[in-house]
Amino acid sequence: MDPTVLLTGFAPFDGQQENASWLAVRRVADRWSGPGVLATALLPVSFEGVGPALDRAIDAHRPDLVICTGLAEGRARIGLERTAVNVMDARIPDQDGWSPIDEPVVPGGPVAYWSTLPIKACQEAVAAAGVPAEISNSAGTYVCNAVFYRLMHRVHRTAGTRAGFLHVPQATETARSPGPTLPLGTIADGLELIAQTSLVVAQDIRVTGGATH
Ligand code: PCA
């Protein structure tokens, strides 16, 4: 049977008009030619609301592969996030005005989960296409990390379901602040290649993606 891919992006936050993650997800959906079927979902920047919204999307589409994406202002490359941690520590309030400090995403849950995407193979595939990408060892402690953690907490016992999280830079077309950007088409190229690579590469490759700090 054809695989189903669920790709999510976030709503604007922190006073932004747009969120490059959702704009890029929509571009990928407009041009998706397989393999399989692509479904998308727009998630709220809400610690409380994001889990139920993700659950609804997973229940509706029963995906084999889930890739959630969010914006990381200040980053120059697409970040293949390695790990989701069980903490919420907000620098700015979420869309509901809530700023949790040092609270668990899932009370009693494990400290962290690994991404189950083949992140090194994805990095190589994306770099080979000329799209800047890197392994990231922290998705932060805001809503992106929270949805990544909830995603992994939900699917880690579902054999055959792969899942992970990507941070994207600001889009050149919509950037509101100086700093690194990538054109939306380039971000979409990266997301598409990462989804396709995650569908076909069963075992990740062994190349360094480490950092000394
Ligand atoms: N980025 C934020 C939340 C929503 C988004 O796009 C984050 O990195 O946590």
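Which net charge results for the neighbourhood of residue 166, defined as the other residues with beta-carbon distances under 12 angstrom from its beta-carbon, given Lys and Arg at +1 and Asp and Glu at -1? Every neighbour counted, the sum reads 0.
DSSP beta bridges fully contained in the chain are about 20 percent antiparallel. A rounded overall shape is assigned to the chain, the ratio a/c of its alpha-carbon gyration tensor axes (a ≥ b ≥ c) being less than 1.5.
Take the chain with all the other protein chains still there, run a 1.4 Å probe, and you get 46 Å² of accessible area per residue.
The accessible surface of the chain, taken with every protein chain in place and a 1.4 Å probe, is 51 percent carbon and sulfur. For segment 1-42, trypsin sites (Lys or Arg not before Pro) meeting the loop criterion (DSSP other than H, G, I, E, B) and having at most 11 other Cβ atoms within 10 Å: none.
Take each peptide in 164-177, 117-130, count the other Cβ atoms within 10 Å of every residue, and average; sorted highest first, the result is 164-177, 117-130. Quick one: grab the alpha carbon gyration tensor of segment 67-116, order the square roots of its eigenvalues as a ≥ b ≥ c, and give me rounded if a/c is under 1.5, else prolate or oblate depending on whether a/b is larger than b/c. Since a/c reaches 1.5 but b/c is at least a/b, the shape of segment 67-116 is classed as oblate. All other residues whose Cβ lies under 11 angstrom from that of residue 46 are scored, Lys and Arg at +1 and Asp and Glu at -1, for a net of -3. Shape class of segment 65-173 from the Cα gyration tensor (axes a ≥ b ≥ c, square roots of the eigenvalues): oblate, since a/c reaches 1.5 or more and a/b does not exceed b/c. Using C-alpha pairs below 8 Å separated by at least 6 residues, the relative contact order for the chain is 28 percent.
The values are calculated or read from the model by the stated rules, or taken from the named source; none is laboratory data. Model, not experiment: these values are computed from the prediction. Backbone-built Cβ (ideal geometry, glycine too); neighbour counts: all protein chains shown. We work out accessible area using only protein heavy atoms, side chains counted, and drop any ligands, DNA or RNA first. Shrake-Rupley method; radii C 1.70, N 1.55, O 1.52, S 1.80 Å.
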